[in-house]
1. For residues in the range B:69-84 being in contact with a Pro (Cβ under 7 Å, 6 or more places away or on another chain) and within 13 Å of chain A (Cβ to nearest Cβ), which is nearest to B:Thr19 (Cα to Cα)?
2. Identify all residues within the range B:26-39 that are closer than 24 Å to B:Ala92 by Cα and not acidic (Asp, Glu); write none if there are none.
3. If I ask for residues that are farther than 20 Å from A:Phe116 by Cβ and either hydroxyl-bearing (Ser, Thr, Tyr) or crowded, with 16+ Cβ neighbours inside 10 Å (or both), which ones from the range A:22-42 would you list?
4. Considering only residues that are surrounded by 11 or more Cβ atoms within 10 Å (Cβ to Cβ) and on the phi > 0 side of the Ramachandran plot, look in the range A:110-141 and name the one that is nearest to the other protein chains (Cβ to nearest Cβ).
5. Would you confirm whether any residue within the range A:77-86 is away from chain B (no Cβ under 14 Å), touching a Cys at 6+ places or on another chain (Cβ under 7 Å), within 28 Å of A:Val9 (Cα to Cα) and of a type in the set (A, V, I, L, M)?
6. Taking the stated definitions as given, is A:Ile103 out of contact with any strand residue (DSSP E or B) (no Cβ under 8 Å at 6 or more places or on another chain) and within 14 Å of chain B (Cβ to nearest Cβ)?
7. Please note which strands (runs of 3 or more DSSP E) are completely contained in the range A:1-97 and include at least 3 residues that are closer than 30 Å to A:Trp142 by Cα and touching a helix residue (DSSP H, G or I) at 6+ places or on another chain (Cβ under 9 Å).
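Nothing in this text is a laboratory measurement; each read-out follows from the coordinates by a stated rule. No experiment lies behind these values; they were computed from the predicted model shown. Glycine also receives a Cβ, built like all others from the backbone with ideal geometry; neighbour counts cover every protein chain displayed.
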Amino acid sequence: MSPLAKGTVAAAFDGLGPVEQVRGNRIRLTTTPGQVRDALTKALRELACDHVIQISAADNGKTFDLIYHLTGPHRTVVAIAVELPRDRPEISTVSDLLPPAGIYERQIHDLLGIVFAGHPGLKRIILNEDWPEGEYPLRKDWKPDPSKFYGGVREGAQ
Amino acid sequence: MSLSQRLVNWARLKSPWITIFNSGACNACDIEAIATLTPRFDIERFGILSKGSPRHADILIITGPVTRKQALRLRNVYEQMPEPKYVIAMGACGASGGVFKGLYHVVDSVDEVVPVDLYIGGCPPRPDEIIDGVVKCLRCSRRTSPAAGRSGGGRRSVPPRRPSQRRRPQR
């Protein structure tokens, strides 16, 4: 299969947001959190993107950047980028459309506190089991609270 | 020391069995520790054998800083080892935290979790240095009679965390 052209991707993602060719074989769609499931469904059905490389998440200080990197037999990386507000970081899950995305969503939920609504098991995966709830260490404004116990071995405990 | 005790002590010093525990290292120390077991360095001439289970081992080699997730598991592994037991913390991370010092997911030092007898510096330490460390650890076990134990016959107590160690990770 030959690589995807920017025009093909833009036609498939028509009405969802701007499409740009960020690098040789990387094409990025910037969309809104509400349309991410539509964009992913279109990528799956029309662009044959059956493989999620990863979901990258970053805290840029103002918002959370979430980028779904997808690829398929055409070997073109199709990225779907969304921005989430800091005060309400919530987005609907895509783990039912693309099951391998579920584990990335758990990881992002663990480290950045982004809620993926509809995820079947948004449990702890990276941090230790006794890590306090509501602390997200990869947020830029996170500071350890000296009065809290962050895991390890407690005094006197065996 | 009675003859039987001396005999047991002699036998122990002739064949220290080690077990390697990765407590969150970057794997470089593990590679060097595995390289130590290869015929090139031939540690079996010192009777050093690597055992898969901590229940068979005399010396626990800890590679790396202790992550918060591994801390209780490391404590469990340590407690499964029979007395007398010795702990070697390996690498710059085991000795001081290394590049991971102060991060949110590591505890402040290895001896907060288990008592450490010997630190081997280096990033990673060469196999010769690991052999040197194990042999020096034997010297420290020669000084103490295993039958008497180092804490007066009983189990070695795990040190309580010192007040100075009650620091939280700093960004």
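1. B:Val77
2. Scanning the range B:26-39 gives B:Cys26, B:Asn27, B:Ala28, B:Cys29, B:Ile31, B:Ala33, B:Ile34, B:Ala35, B:Thr36, B:Leu37, B:Thr38.
3. Those that are farther than 20 Å from A:Phe116 by Cβ and either hydroxyl-bearing (Ser, Thr, Tyr) or crowded, with 16+ Cβ neighbours inside 10 Å (or both): A:Ile27, A:Arg28.
4. Top of the filtered list is A:Gly113.
5. Residues of the range A:77-86 away from chain B (no Cβ under 14 Å): A:77-86.
Filter once more, keeping what is touching a Cys at 6+ places or on another chain (Cβ under 7 Å): A:78.
Going one step further and asking which of them are within 28 Å of A:Val9 (Cα to Cα), we end up with A:78.
Filter once more, keeping what is of a type in the set (A, V, I, L, M): A:78.
Yes - at least one qualifying residue is present in the range A:77-86.
6. Against the criterion (out of contact with any strand residue (DSSP E or B) (no Cβ under 8 Å at 6 or more places or on another chain) and within 14 Å of chain B (Cβ to nearest Cβ)), A:Ile103 does not qualify.
7. Details: elements: A:19-23, A:26-30, A:51-59, A:63-71, A:77-85, A:90-92.
Once the strands (runs of 3 or more DSSP E) in the range A:1-97 are filtered for at least 3 residues that are closer than 30 Å to A:Trp142 by Cα and touching a helix residue (DSSP H, G or I) at 6+ places or on another chain (Cβ under 9 Å), what remains is A:51-59, A:63-71, A:77-85, A:90-92.
Yes/no matrix, rows are residues, columns are (1) in contact with a Ser or Thr (Cβ under 7 Å, 6 or more places away or on another chain); (2) farther than 28 Å from A:Asp145 by Cβ; (3) crowded, with 18+ Cβ neighbours inside 10 Å:
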| position | (1), (2), (3) |
| --- | --- |
| B:Leu7 | no, yes, no |
| B:Pro39 | no, yes, no |
| B:Arg45 | no, yes, no |
| B:Lys85 | no, yes, yes |
| B:Lys101 | no, no, no |
